[in-house]
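*Asks:* Pasting a structure below so you can have a look.
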Amino acid sequence: MFNSYLKFADTCRACGADFKSADSGDGPAVFVILIVGAIIAPLLIVLQFGLKLAPLLALTLTMLAAVALCLALLPPFKSLLFAFQWKHKAGEATAEDLE
């Protein structure tokens with residue numbers, strides 16, 4: 001589905017479907033930020049107050065975990081949102097749609 005880390009291929013290798021119009025926008029980033037934030041915030045609290053780690057060490061560990069989680073979750077969420085768009089034949093709204 002992808003040519004590179006987050007760039008969709010022009011066509012599907014299996015069926016030849018055209019992916020040139022594939023655009024999931026900012027949706028994947030929003031979902032990933034919400035999920036990672038819900039995981040990282042409690043982790044920071046546990047590391048800093050539960051385990052009594054130094055604040056800088058706790059912050060460093062949680063920031064590394066946040067970056068790793070974001071990088072790991074972006075491709076699956078981007079492909080999931082594209083799959084939803086493909087299934088529901090979603091497209092960009094035009095002026096004709098408003099009438």
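Where a number appears in this text, it was derived from the coordinates with a stated rule and is not lab data. Quick caveat: nothing in here was measured; it's all calculated off a predicted structure. Heads up, the Cβs are rebuilt from the backbone with ideal geometry, glycines too, and the neighbour counts pull from every protein chain shown.
*Asks:* Obtain the nm distance between the two label points defined at residue 61 and residue 30 by a simple spin-label model: each point lies 7 Å from its Cα along the Cα-to-C-beta direction.
*Replies:* The answer from the label model is 3.3 nm.
*Asks:* By per-residue mean of other Cβ atoms within 10 Å, what is the highest-first order of 22-35, 48-61?
*Replies:* 22-35, 48-61
*Asks:* Separation between the residue 71 and residue 41 pseudo-spin-labels, each 7 Å from Cα along Cα→Cβ, expressed in nm?
*Replies:* 2.5 nm
*Asks:* Translational diffusion coefficient of the stretch 1-89 at 4 °C, 1.567 mPa s, Stokes-Einstein with Kirkwood Rh over Cα pairs, in µm²/s as a whole number.
*Replies:* Estimated diffusion coefficient is 87 µm²/s.
*Asks:* Ok, one more. Charges on Cβ only, +1 for Lys and Arg, -1 for Asp and Glu, centred on the Cα centroid of the chain; of 79, 14, 67, which one is farthest towards the dipole's positive end?
*Replies:* The residue sitting most towards the positive pole is 67.
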